Amino acid sequence: MKLPLSWLNGHVALTQGIDEIRETLTRLGIEVEGIEMPRQALAGVVVGHILDASPHPDADRLQLLQVDTGGDESLAIVCGATNMKVDDKIPVATIGASLPNGLKIKKGKIRGEMSFGMCCSEVELGLADEATGLLILPADATVGMDVAEYLGMEEAIFDLSITPNRGDCMSVRGIARDLAAFFNLTLQEASPESFASNPSVVQPEVVVDEAKDCPVYMARRIEGVTLAPSPDWMQQRLIAAGQRPVHGVVDVLNYVMLEVGQPMHAFDADELSGGICVRRAKKDEAFGALDERELELGGDDLVIADSKGVIALAGVMGSAASGVTEKTTSIVLESAAFRATCISLTARRYGMVSEASMRFERGVDAAMVSVAMEMATGLILKMFGGQAGAVNVCGDIDLLLQARKIAFPISRISSHLGEQVPDTIDDVLKRMGFGISRQGDDLNVEVPTHRHDVSLAEDIIEEYARIYGYEHIPECLPNLQPGKPAVRDQSMDKALQSGFVQVITYAFIAEDEQRLFVVADDADVRLSNPISDVMSVMRRSLWPGLLKAASHNLNRQQLGVALVEKGRTYEKGSDGYGEHNKLAWLLAGEIDSDEWFQSASVADFFDMKGEVESWLNRMGLTARFVADDGIAGLQAGQSAKIVAGRAEVGCIGKLDADIAAKLDIEPDVFVAEVDLDALPQAKALKYAPLPEYPGVARDLVFLFDSKLTSEEILQAADKAGGKLLTGVRIFDRYIGKGVPEDKVSLGLRFTLQADDRTLKQEEADAVSESLIAEMGKRFGAELRGG
């Protein structure tokens, strides 16, 4: 928001310098992003009076001027313009002046004649993009006066950043109110132009069907208006404030909005059919906006309508058909209070954030609704003539003007700020519109209608802090009681130790992506207002996001990817909505590149399984991998459940080839996912001395049924080995000649060791026999060798 200093001075007579005003605004919580100094940009450019003009002796297109600039002697200036004459008043850039276009004026010779300045056009002054000659000033211009001052150029324009909670500061009056209160200056009363309403002008008919979202709606008809451009002074102020002048009525309403913060709208009365109704839009109802967009509205939008259809999106934008043009002679003015949330949702739904919607969604001052109506009416009648009728008011404005009351102990202020603030701050808050009274240790506050951001005791304490000055609050650490340190989740750190790359993907995905890994049911969490169809449901698996990232990289000449993501998944259950913290991996393509010492190797199921096992080991956990061909989205024969203790904590496997092809991924893709919330408590590490006695390793080869899983076999072997068994693993697998089609040959290597002795041959043989017996009894396995 841009704020000209002259406009600000119209509300409060500031005597402070620009730097002090900037520092005070920042102290009051209004950030000053920059300050433009238009008048300073023309320093050294003064009003000159042409005393004499003669042709240049050596140039047909140049003239020699003698110009009085208010100094002791007139200046000789060589000029190439032709539109001036003796006695004209013109802008003169004197020696040493720097013009807005970067030109610095120096004394010099032009075709043999000395020139001691430069006569300026609008272009050199930065007032226009092109000009046909010098800027000829009125005859009453004072010789020697700064041109910027004579032209009424702003001394300073503050570029302010208004935080979303301070809607009261989105007007000149709002900023002036805070500065006047802080500097103990008088804030000028809002004084609309006086006029008399004409009873012969009929009041507009207004019906408000949605009083909750529109508690007050005012409408007034003005007839006999002769529209013309707004006066120069108004256009200059609008331009300085960053607004583009449009035409008379629109300029007046924009001026009033910037002045007091109340957005308004004007309809061409002759284009309206019947009365005005504030209602909900009908589903898919058509609306042609002022910005030429054609919209189909939803049933949640608050609209202003006549008998033919929608004439405005309430608080956002009017329609092109009902807008005021240069041909308009009768208008209907609207000034209203709308519920902030309602306007905000509509503006964002259609991407139609306007100056009006920004103010309504932050909260406008209900006291300014009628003031703005009178101010705009007075300006229109004064500038464009016409007769104004009485205002039709729908709603009870007095209900909106009731002050909110907050009471709390005064001691809470010093408790929060760590400093005893002086009572004189009460006076500043009173000048800002707050009602302040003290009764013993109790502070009673009445919040003014323009401060929608103040509703709690803490908000009042913040007001005391910003007026007192945050720099006065002592810098000291709070008195914190020692507590148990927070346990840091190291799951991602440990996953990255293997060289995987962390990614973060959207929690919103398309429904068809959800169906790749989750069977259709009623547990999806659907968005009622999705950004797009591809972000319509909340994910129940991290794999869709990982696959998008993998596809993006693999299709951009990356030979392999190793990705990991930690995030939440969401689902709906019988007892409400649930969230799960998960960790997911994806491995595809090359894991070792082609080098002089090795050939390239590509990822397979066991690479992914090894990564998950390594991660579990770093987390102090162990798990079993139980084959499962029923996991959605994974290829049968290369998929398994991950079981830790007695709980199923995740799954792992190779991505189904059809899904990979659909996602345009060529290499095999392997994925895994673990539910972090389902993991058992990690066991504390136990340290033991190195064994003093040697161990024994034995190999046994069995013929097993090919349908058995390695997990079943190893569990049975571990149980049969007894206390002396320290480890068992499969070291060989063979199918082929000599092995029946429904069988597989597996070699088991087991190690035996005792802590207190060297094992005897008989002890090792006993364990071997126990294992042989268990394999035969449990699985019908035949011993092939050992």
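The values are calculated or read from the model by the stated rules, or taken from the named source; none is laboratory data. Note that this is a predicted model, so its numbers are computed, not measured. As a convention, Cβ positions derive from the backbone with ideal geometry for all residues, glycine included, and neighbour counts pool all protein chains shown. Ligands, DNA and RNA are stripped out before the accessible areas are found, and what is left, the full protein with its side chains, is counted by its heavy atoms. Shrake-Rupley method; radii C 1.70, N 1.55, O 1.52, S 1.80 Å.
Pull out a ≥ b ≥ c, the square roots of the eigenvalues of the alpha-carbon gyration tensor of the range 361-506, then state rounded if a/c is under 1.5, prolate if not and a/b is larger than b/c, and oblate in the remaining case.
On the way: a/c = 3.24, a/b = 1.56, b/c = 2.08.
Because a/c hits 1.5 or more and a/b fails to exceed b/c, the range 361-506 counts as oblate.
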- Nearest-10 value in Å² for the accessible area of Glu463, using the 1.4 Å probe: 10
- Message: Considering all alpha-carbon pairs of the chain, what whole percent are spaced by more than 49 angstrom?
- Response: 51
- Which pairs break 19 Å Cα to Cα here: Lys641/Lys686; Lys548/Lys662; Lys654/Lys683; Lys572/Lys641? Lys641/Lys686; Lys654/Lys683; Lys572/Lys641
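Can you list which of the GluC sites (Glu not before Pro) found in the range 55-155 are DSSP loop residues with at most 12 other C-beta atoms within 10 Å?
Filter output for the range 55-155: Glu73, Glu130.
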- What angle, in degrees between 0 and 90 and rounded to the nearest 10, separates the Cα long axis of helix 340-349 from the longest principal axis of the Cα atoms of the chain? 70
- The answer for GluC sites (Glu not before Pro) in the range 186-239 that fall in a DSSP coil and have at most 13 neighbouring Cβ atoms within 10 Å is Glu189, Glu205
- Count charges around Gly44 for me, please; just the other residues with Cβ under 15 Å from its Cβ, Lys/Arg as +1, Asp/Glu as -1. +1
- Putting +1 on Lys and Arg Cβ atoms and -1 on Asp and Glu Cβ atoms, find which of Ile343, Ile95, Thr758 reaches farthest to the positive end of the dipole of the chain. Thr758
- Task: Enumerate the lysines that Lys104 could reach by cross-link, defined here as Cα to Cα under 29 Å, with residues fewer than 8 away along the same chain left out.
- Result: Lys2, Lys85, Lys89
- With charges only on Cβ, +1 for K and R and -1 for D and E, what is the dipole size of the chain about its Cα centre, in debye, rounded to 20? 1620
- Query: Among the lysines, which fall within straight-line cross-link reach of Lys760, defined as a Cα-Cα distance under 25 Å, with same-chain neighbours fewer than 8 residues apart omitted?
  - Reply: Lys719, Lys723
- Message: Per residue, how large is the accessible surface of the range 665-745? Use a 1.4 angstrom probe and give square angstrom.
- Response: 68
- Report, in degrees rounded to the nearest 10, the 0 to 90 angle that the Cα long axis of helix 710-720 makes with the longest principal axis of the chain. 50
- Longest exposed-loop-site-free stretch of the chain, with chymotrypsin sites (Phe, Trp or Tyr not before Pro), DSSP loop and at most 16 other Cβ within 10 Å? 196-505
- Message: Under the rule a/c < 1.5 gives rounded, and otherwise a/b versus b/c splits prolate from oblate, where does the range 622-743 land using the Cα gyration tensor?
- Response: oblate
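If you take the beta carbon distance between Arg568 and Thr325 as r and set R0 to 56 Å, what does 1/(1 + (r/R0)^6) give as a FRET efficiency, to the nearest 0.05?
0.55
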- Sites matching trypsin sites (Lys or Arg not before Pro) across the range 9-93 that sit in DSSP coil, with at most 16 neighbouring C-beta atoms within 10 Å: Lys85
- Once phi for every residue in the range 618-627 is put through the Karplus expression 6.51 cos²θ - 1.76 cosθ + 1.60 (θ = phi - 60°), the whole-Hz ³J(HN,Hα) values, with Gly and Pro written as x, are 5, 7, x, 10, 10, 8, 10, 10, 9, 4
- Message: Testing the spin-label approximation: label points 7 Å from Cα along Cα→Cβ at Lys760 and Asp140. State their distance in nm.
- Response: 12.9
- Within the range 610-645: backbone nitrogen closer than 15 Å to the Asn581 label point (7 Å, Cα to C-beta): 619
- Item | Farthest toward positive dipole pole in the chain [+1 Lys/Arg, -1 Asp/Glu at C-beta], among Met352, Leu401, Asn617 | Asn617
- Item | Rounded to whole Hz, the Karplus (6.51, -1.76, 1.60) HN-Hα couplings of the range 426-437, x for glycine and proline | 4, 5, 5, 5, 5, 5, 7, x, 6, x, 10, 9
- Please find the FRET efficiency linking Lys777 to Asp533, where r is the Cβ-Cβ separation and R0 is fixed at 51 Å, and quote it to the nearest 0.05. 0.30
- Give me the accessible area per residue for the range 452-531, probe 1.4 Å, as a whole number in Å². 68
- Task: About the Cα centre of the range 160-308, how large is the charge dipole given +1 on each Lys and Arg Cβ and -1 on each Asp and Glu Cβ? Please answer in debye to the nearest 20.
- Result: 460
- Item | Top positive-direction residue, dipole computed over the chain with Cβ charges, set Gly29, Ser197, Gly309 | Gly29
- Taking 0.36 nm per residue of separation and subtracting the Cα-Cα distance, what length does fully extending Gln188 through Ser414 add? 78.0 nm
- Task: Using only the Cα atoms of the range 80-224, construct the convex hull and provide its projected area averaged over every direction, in square nanometres to one decimal.
- Result: 17.8
- For Val643 and Asn165, calculate 0.36 nm times their separation in residues minus their Cα-Cα distance, and state this gained length in nm to one decimal. 167.0 nm
- Message: What does the charge count around Gly167 come to, taking other residues whose C-beta lies under 12 Å from its C-beta (Lys +1, Arg +1, Asp -1, Glu -1)?
- Response: 0
- Item | For the range 284-386: rounded, prolate or oblate by the Cα gyration tensor [a/c cutoff 1.5] | oblate
- Message: How much length would be gained if the chain were fully extended between Asp489 and Gln558, taking 0.36 nm per residue of separation minus their Cα-Cα distance, in nm to one decimal?
- Response: 21.7 nm
- Degrees, to the nearest 10: 761-779 long Cα axis against longest axis of the chain: 70
